[in-house]
Amino acid sequence: MNTNCAREVDPDLTVLMPLWNGDDPSHAREALASATIDQTTAPGLLLLAVDGPLMQELEDVVAEVLDGRFGRARVVRNKRHGGLARTLEGALAHCESSLIARADADDVSHPERFAVQLAALRERHLDIVGSNMREIDENSRPRLDEAGEECIRRRPLSHEEIARYLRDHSPFHHPTVLMRASAVRVAGGYRDIPLMEDYDLWHRMLRTGARMGNVPNVLVDYRVSTNLYRRRGGFTLFMSDVRMQWGMLKGGTTSVPRALRNLFGRAVYRAVPANLRDRVYWCVIERGLMRRRD
């Protein structure tokens, strides 16, 4: 943890990070440092949103946050575990800056992340900017594909590409985004749609006129646990898919044939065994959708 790395502090930037009892304390400390004191442009405030009761090891992490180990910070708490969308939406009420960066308690932000994203947001007059990210394992080692290459999750770069891509899949990696708070609030903030709260927000931000972009840089290391793809299956998540497609139909973002095609693909994805879902994601979603976003 390098407390001398940050050369500049942007007082108009808040990092919003949720924390819940399922997080790993050592990963949380690494994530916190990477998104604050290890940034070349550090945030003016760390807003840690605690979702429900925590084990003592995580309470120790919260105590370090309150003691200023990661810079200026504020902690807000849910008395009960309410889920990601409710936690993020509740925390937004405590954000006073005009810019919000999302970070998760098990991922690692690269030191140049905010410097790169702030420059892109201001130069391109964007309301939200994300980046590519690299998959890492539980031990922070890069995950490799069958060809021995690092697993890099990419997304379209321009507003126009993003608007097209959004019809089929989420155009941003949630742990990478930096947003204008005003654009988030105009869109209505986060809504409770399991594992789709971010996709739902991007759609509504697009509908309310937000300008969108991604940078091609890999700015976040995304930790892939053994349970990640297990959590992405089942009927509950398929119902989230239905809500998303219905919302895009009502908003005029998609067509009936496209929505039905998407729902068929998602039904298959939710139904396949968890040990195959990783392969399906890379072969169909990550690579396939990038080839047909027109």
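Before moving on, here are some points about what is shown:
- A residue that is more than 20 Å from SER182 (Cβ to Cβ) and either of a type outside the set (A, V, I, L, M) or touching a His at 6+ places or on another chain (Cβ under 8 Å) (or both) can be found somewhere in region 97-104.
- Within region 15-64, the set of residues being within 20 Å of VAL220 (Cβ to Cβ), out of contact with any helix residue (DSSP H, G or I) (no Cβ under 8 Å at 6 or more places or on another chain), surrounded by fewer than 22 Cβ atoms within 10 Å (Cβ to Cβ) and of a type in the set (D, E, K, R) comprises ASP24, GLU30.
- Condition check for GLU135: part of a strand (DSSP E or B) and acidic (Asp, Glu): yes
- Residue match in region 172-186 (condition: more than 15 Å from the chain's Cα centre (by Cα), surrounded by fewer than 20 Cβ atoms within 10 Å (Cβ to Cβ) and farther than 17 Å from LEU88 by Cα): no
- For region 123-161, a residue qualifies if it is among the acidic types (Asp, Glu), surrounded by fewer than 16 Cβ atoms within 10 Å (Cβ to Cβ) and over 30 Å from SER182 (Cα atoms), and the qualifying residues are ASP137, GLU138, ASP145, GLU146, GLU149, GLU150.
Rule-based calculations on the coordinates, nothing more; no lab input. Just so we're clear, the structure is a prediction, and the values are computed from it rather than from any experiment. We place every Cβ from the backbone using ideal geometry, glycine too, and count neighbours over all the protein chains shown.
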